[in-house]
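Down below is the structure, laid out as structure tokens.
The values are calculated or read from the model by the stated rules, or taken from the named source; none is laboratory data. The shown structure was predicted, so the numbers you read here are calculated from the model rather than taken from an experiment. Cβ placement follows ideal geometry from the backbone for every residue including glycine, while neighbour counts extend to all protein chains displayed.
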Amino acid sequence: MTVLVTGGAGYIGSHMVLELADAGEKIVVLDNLSTGFVWAVDPRATLVVGDMGNQALVETVIRQHGVDAIIHFAAKIVVPDSVADPLGYYLANTVKTRAVMAAAVATGVKHFIFSSTAAVYGTPKVMPVAEDAPTQPESPYGTSKLITEWMLRDASAAHDLRHVVLRYFNVAGADPQGRTGQSTPNATHLIKVAVQTALGLRAKMDVFGTDYPTPDGTCVRDYIHVTDLVGAHLAALKHLRAGGASMVANCGYGHGYSVKEVIDTVREVTRVPFKVDYAPRRPGDAAAVVADPTRAKTILGWKPAHEDLNEIVQAAYAWERRLANGPG
Ligand code: UDP
């Protein structure tokens, strides 16, 4: 039994490969290296460089490696980019993902785990947000993921395929052992930007909006440690292999931090009292997005172990320093 990890050279995928390898699983990675790195793929996995939209290639990889489960990370993930290039996002996240699903069906792979996003909820009306909340994505990115959730649901109903859709909240941090981390140049995510600012890699950073209806006026998000996130995938894999039913589950902790709280934590961890500029709201940001993770905990038996924001920031900081010295 081998697990196919698409996007295994990327941020979350490379952590997944470590988690699977540490659990003794055999792994084949399919990645086109558009945003991933060869050095990020643990040598215990086999790396195939190629396009997930090439169904024949995906089928060959599945057959050659005896794949029984697919964990599908490969995607485009930057919300503002998706507004500028919607067709690029529908191609990568919807059309090419269809090819991966079709390859699974054609070769008889029965287990499929799909990276989705809290962006499918848009601006949630009830907080924390549960999986049965209305889905109203506000960007082509969110829509491209939601359409793919629907494709997977329909394919599972028609074929001998079961799936777990995991809707990620704000993923941050890095492998506690320092083996991989968020390495995308020009990443826009808050913790990464703040850590880079503390290290002097950026001249300054902006806080986007201080007039939100939240306790301190800045947006609240549910930051989840990437190691806990990949742990949820491992739990999903066990669930599917044990015959568990298809399901959708949120991946977040159920509590949020404001932008100001995150910045204070980064200042505390790095001991650098870096300055921030207060800027206008960023278009498309919801005031607060916090997960209800009950389903992942009760059905998948997911047990998060890295909920402390300090720990998340410390891991991100350690990785950023390592990256500055050239990893790999
Ligand atoms: N944010 C910020 N400055 C930055 C990057 C992000 O104030 O340089 C804010 C952003 O407006 C949002 C929160 O931090 O309220 C989280 O943004 P991020 O891009 O990390 O994740 P998102 O929630 O958009 O997926």
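Below is a table of values for the structure above.
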item	result
Scan of region 95-126 for residues that are more than 22 Å from VAL3 (Cα to Cα), surrounded by 18 or more Cβ atoms within 10 Å (Cβ to Cβ) and among the hydrophobic types (A, V, I, L, M, F, W, C), ordered by number	ALA118, ALA119, VAL120
Any hit, region 312-322, residues being of a type in the set (Lys, Arg), away from the ligand (no atom under 16 Å from the Cβ) and farther than 21 Å from GLY231 by Cβ	yes
Filter pass, ASP154 being outside any loop (DSSP other than H, G, I, E, B), within 11 Å of the ligand (Cβ to nearest atom) and of a type outside the set (S, T, N, Q)	no
Single unsatisfied condition, ALA203 versus (1) surrounded by fewer than 22 Cβ atoms within 10 Å (Cβ to Cβ); (2) touching a residue at least 40 places away in the same chain (Cβ under 8 Å); (3) within 13 Å of the ligand (Cβ to nearest atom); (4) among the aliphatic types (A, V, I, L, M)	(2)
Residue satisfying all of: in region 130-151; touching a residue at least 60 places away in the same chain (Cβ under 8 Å) and either among the hydroxyl-bearing types (Ser, Thr, Tyr) or more than 13 Å from the ligand (Cβ to nearest atom) (or both); farthest from TYR89 (Cα to Cα) among these	ALA130
Any hit, region 270-277, residues being within 10 Å of the ligand (Cβ to nearest atom), closer than 23 Å to GLY122 by Cα and at pLDDT 95 or above	no
Test result for ASP285, outside the structural domain of SER156 (by TED's automatic domain parsing) and closer than 20 Å to ALA318 by Cβ	no
From the options TRP302, TRP319, residue that is touching a residue at least 24 places away in the same chain (Cβ under 8 Å) and either touching a Pro at 6+ places or on another chain (Cβ under 7 Å) or under 22 Å from HIS72 (Cβ atoms) (or both)	TRP302
Criterion (within 22 Å of the chain's Cα centre (by Cα), buried (at least 17 other Cβ atoms within 10 Å of the Cβ) and more than 21 Å from GLN182 (Cα to Cα)) met by exactly one of LEU323, LEU300, LEU309	LEU300
Some residue of region 99-114 being under 17 Å from the mean Cα position of the chain (by Cα), assigned by TED's automatic domain parsing to the domain that holds ALA242 and either over 22 Å from HIS159 (Cα atoms) or part of a helix (DSSP H, G or I) (or both)	no
Answer residue from region 26-53, given it is in contact (Cβ under 8 Å) with a residue 40 or more places away in the chain and in a loop (DSSP other than H, G, I, E, B) and is nearest to TYR168 (Cα to Cα) among those	THR35
Single residue of THR197, THR188, THR184, THR180 found to be surrounded by 14 or more Cβ atoms within 10 Å (Cβ to Cβ), within 11 Å of the ligand (Cβ to nearest atom) and of a type in the set (Val, Ile, Thr)	THR197
Qualifying strands (runs of 3 or more DSSP E) (wholly inside region 217-296; at least 1 residues being surrounded by fewer than 17 Cβ atoms within 10 Å (Cβ to Cβ) and aliphatic (A, V, I, L, M))	276-279
Pairs with Cβ under 7 Å, 6+ apart, first in region 269-281 and of a type in the set (Val, Ile, Thr), second within 13 Å of the ligand (Cβ to nearest atom) and in a loop (DSSP other than H, G, I, E, B)	none
Meets criteria (touching a His at 6+ places or on another chain (Cβ under 8 Å) and outside any helix (DSSP H, G or I)) for ILE71	yes
Counted residues, region 13-24 - those being outside any helix (DSSP H, G or I) and either touching a Leu at 6+ places or on another chain (Cβ under 8 Å) or among the β-branched types (Val, Ile, Thr) (or both)	1
Selection count where residues are touching a strand residue (DSSP E or B) at 6+ places or on another chain (Cβ under 8 Å), small (Gly, Ala, Ser) and within 15 Å of GLY10 (Cα to Cα), scope region 173-202	1
Breaking point among (1) away from the ligand (no atom under 12 Å from the Cβ); (2) within 25 Å of VAL100 (Cβ to Cβ); (3) buried (at least 22 other Cβ atoms within 10 Å of the Cβ), for TYR168	(1)
